[in-house]
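> Dropping the structure in here first, questions after.
The values are calculated or read from the model by the stated rules, or taken from the named source; none is laboratory data. Predicted, not measured: the structure shown is a model, and the values here were computed from it. In this analysis, Cβ positions are derived from the backbone assuming ideal geometry, glycine residues included, and neighbour counts consider all displayed protein chains. These accessible areas exclude ligands, DNA and RNA; they are computed on the full protein's heavy atoms, side chains included. Shrake-Rupley method; radii C 1.70, N 1.55, O 1.52, S 1.80 Å.
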Amino acid sequence: MITIAEIQALASRPEHKENSVLTLYLNIDQSRQANLNRGFENELKDLLASARDKIQGSAELEAFEKAAGRVQEFVAGHSVRARGLAAFCDSADGFFWGEEMDFPVENRVRWGREASVQPLVAAIDEYERVGIVLLDRAKLRLFTMSLGQVEERIREDFDTRKVRHTKTVGMDHLASASRAQRKADGQVHMNLRHAVKDIDWLLGRHVTRRIVLAGLPEVTAELRGTLPKRLGSLVIGEIDVAVGATLDEISTAVAPVGDRFERETERSIVDNLVTSAAKSTRATIGLAHTLHALNQRRVWQLVYADGVHTSGYECVNCDALFSSEDSACALCGSPMSRVDDVVERAVDHAFRKGIGVEVIRDGEAESSLINAGGIGAFLRTRSARRAS
Ligand SMILES: [Zn+2]
């Protein structure tokens, strides 16, 4: 399965002067009728054909065919397990990367000078990593859920005083701390205190900003009461599952909690964006203004409505983006080329520069953002801007 580190590595690959990179996102979800009996392979053929039609030079066509062949080979050799596939092939240097994904993806083929990572960036935002603490009187299990995938990180058994860590990286200090602690009795209280320590470790090691408490309601309520404020403020919900739950059961129970929290977050971000853009210089809204701020390196966080796609222009030299055509790039004077989806390009650029990206999918928040221009940004502070 795909990881955030891999997405960052893909995004940081060098950009070429000529088109040589083929990007594929393919929905292979077997709940879709069209995907049964490997129907997605036919869809892939169609996607490649429409990308091929736009290519003019014979050298470029040759580069495309090389990449297309490699990508088709990858898809053909893939057994259907996940919901989607992503593949990138660079015919300039022979680079190939392909992976399956456990989140829904829309079919897309891009042929360009660099990998198109926007759907992956959107997924990082949508499926933000959640830490899950599953506890009963005798057992503690800690998990992370990232990009639809649940992994068990710690499993502890309080009764038998046996501590088994499923992932041992960085766990030495905890193991010795727990051995010392086990000598004391006050079972439940100690277990809860121990759980707090483990949560701290999880947050530090796996960079989680959201926590879900799992287990019997009376146990999670007790744990919640024990958590220090800094941890309590990260709890986004509680679920009632058995301590022996499988990874699939945990994933099914946590997904709606994460989804609800993400929708709430989106509504407050859009409210804040619209208000700030109207009242201050901290934010801007609308395609032209947002692209301008991005070109000027003034964006701190990019916010866009999921359904917004619009064509635009990109400087062939400095990659500056524009909503309307001009004879030359306003920044460097080089020619501009047309791009099918300038919002997608903006997200790609923002991610590469380490700028935060927020995709708005909540119905209510999405329509108010679309009414305001569909895309906007929170900006760096004025003093930082003057200095740059
Ligand atoms: Zn330029």
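> Looking for whichever is within 14 Å of the ligand (Cβ to nearest atom), part of a strand (DSSP E or B) and aromatic (Phe, Trp, Tyr) here; the options are Tyr304, Tyr313. Which one fits?
Matching residue, one of Tyr304, Tyr313: Tyr313.
> Filtering segment 353-372 down to residues that are part of a loop (DSSP other than H, G, I, E, B) and in contact with a helix residue (DSSP H, G or I) (Cβ under 6 Å, 6 or more places away or on another chain), which residue is most open to solvent (accessible area, probe 1.4 Å)?
Out of the qualifying residues, it is Ala372.
Quick grid of which residues meet (1) small (Gly, Ala, Ser); (2) in contact (Cβ under 8 Å) with a residue 60 or more places away in the chain; (3) open to solvent by 70 Å² or more (accessible area, probe 1.4 Å):
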| site | (1), (2), (3) |
| --- | --- |
| His206 | no, yes, no |
| Val235 | no, no, no |
| Ala245 | yes, yes, no |
| Phe261 | no, no, no |
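Listed here are the residues, each with its yes/no results for (1) among the aromatic types (Phe, Trp, Tyr); (2) free of Cβ contacts under 8 Å to residues at least 24 places away in the same chain; (3) open to solvent by 40 Å² or more (accessible area, probe 1.4 Å).
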residue	(1), (2), (3)
Ala11	no, no, no
Glu18	no, no, yes
Thr23	no, no, no
Leu26	no, no, no
Ser31	no, yes, yes
Gly39	no, yes, no
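> Separate question: Please go through segment 176-214 and pick out each residue that is among the charged types (D, E, K, R) and at pLDDT 60 or above.
Within segment 176-214, Arg193, Lys197, Asp198, Asp200, Arg205, Arg209, Arg210 meet the criteria.
> Would you mind finding the one in Ala328, Ala320, Ala350 that is of a type in the set (A, V, I, L, M, F, W, C), within 16 Å of the ligand (Cβ to nearest atom) and either open to solvent by 50 Å² or more (accessible area, probe 1.4 Å) or under 27 Å from the mean Cα position of the chain (by Cα) (or both)?
Exactly one residue qualifies, and that residue is Ala320.
> Leu61 passes all but one of (1) touching a Gly at 6+ places or on another chain (Cβ under 7 Å); (2) surrounded by fewer than 16 Cβ atoms within 10 Å (Cβ to Cβ); which number fails?
Against the list (1) touching a Gly at 6+ places or on another chain (Cβ under 7 Å); (2) surrounded by fewer than 16 Cβ atoms within 10 Å (Cβ to Cβ), Leu61 comes up short only on (1).
> Inspect segment 264-276 for any residue being within 16 Å of the ligand (Cβ to nearest atom) and surrounded by fewer than 21 Cβ atoms within 10 Å (Cβ to Cβ) and give the result as yes or no.
no
Okay, residues lined up against (1) assigned to a helix (DSSP H, G or I); (2) acidic (Asp, Glu); (3) within 25 Å of Glu264 (Cβ to Cβ):
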{"site": "Asn191", "(1), (2), (3)": "yes, no, no"}
{"site": "Ile199", "(1), (2), (3)": "yes, no, yes"}
{"site": "Leu203", "(1), (2), (3)": "yes, no, yes"}
{"site": "Leu213", "(1), (2), (3)": "no, no, yes"}
{"site": "Ala221", "(1), (2), (3)": "yes, no, yes"}
{"site": "Arg224", "(1), (2), (3)": "yes, no, yes"}
{"site": "Gly237", "(1), (2), (3)": "no, no, yes"}
{"site": "Asp248", "(1), (2), (3)": "yes, yes, no"}
{"site": "Ala253", "(1), (2), (3)": "yes, no, yes"}
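> Can I ask one more? Given the options Asp341, Asp306, name the one that is more than 25 Å from Asn272 (Cβ to Cβ) and either touching a Leu at 6+ places or on another chain (Cβ under 9 Å) or open to solvent by less than 60 Å² (accessible area, probe 1.4 Å) (or both). Spell out the reasoning first.
Working: Asp306 fails: more than 25 Å from Asn272 (Cβ to Cβ).
Going through Asp341, Asp306 in turn, the sole match is Asp341.
> Which residue, of Ala76, Ala115, Ala82, Ala68, is under 30 Å from Glu151 (Cα atoms), surrounded by 18 or more Cβ atoms within 10 Å (Cβ to Cβ) and in contact with a helix residue (DSSP H, G or I) (Cβ under 9 Å, 6 or more places away or on another chain)?
Of Ala76, Ala115, Ala82, Ala68, the one residue that is under 30 Å from Glu151 (Cα atoms), surrounded by 18 or more Cβ atoms within 10 Å (Cβ to Cβ) and in contact with a helix residue (DSSP H, G or I) (Cβ under 9 Å, 6 or more places away or on another chain) is Ala115.
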